[in-house]
């Protein structure tokens, strides 16, 4: 797949198979997203910064890759098979892509990828929550049931 560079409204894009990607999107990410789109593979995308630190997003990160309609067809993340559309990807911020389902595996990972340091501890300050996960010393998530925090850390 060869990317063609195009300009529209003062912005540059990489266009592959008719899909318009942000100019800063890595070619390897484009290749994986296009293949996933063409075969209908479910993926999970991980967003992060240039240092490779995962933002640990939990919403709007799983689905199949589609694309918008109109003259500039941007990549979309379609959450379910019966969905009529989905949100646009921040494809230039993708630092990891995993296949979802029976053939789950990492398809792409930025070389400096990291999540920060996790620490699971009891949650004493909010009624109804028994544990919390700190990421680099700050509370990131709280859980109401035993084992949820540990499973969350393993999943990340």
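Overview of results
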item	result
Residue order, fewest to most beta carbons within 10 Å, for 46, 114	114, 46
Spacing of the two label points (7 Å from each Cα toward its C-beta) at residue 83 and residue 12, in nm	3.0
When the chain is reduced to its Cα atoms, the Kirkwood hydrodynamic radius in Å	17.1
Estimated FRET transfer efficiency (residue 1, residue 154; beta-carbon r; R0 30 Å; 0.05)	0.30
Estimated distance in nm for a label pair at residue 50 and residue 106, the labels positioned 7 Å out from Cα along Cα-to-Cβ	2.3
Order of 126, 72 under a 10 Å beta carbon neighbour criterion, fewest first	126, 72
Rounded to 10°, Cα long-axis angle of helix 27-39 versus longest principal axis of the chain	90
Region 66-125: proportion of alpha-carbon pairs further apart than 15 angstrom, %	70
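Taken together, the values in this text are just the output of simple stated rules run on the coordinates, not laboratory data. Everything numeric here is computed off the predicted structure, so don't read it as measured data. So basically every Cβ, Gly included, is an ideal-geometry build from the backbone, and we count neighbours across all protein chains shown.
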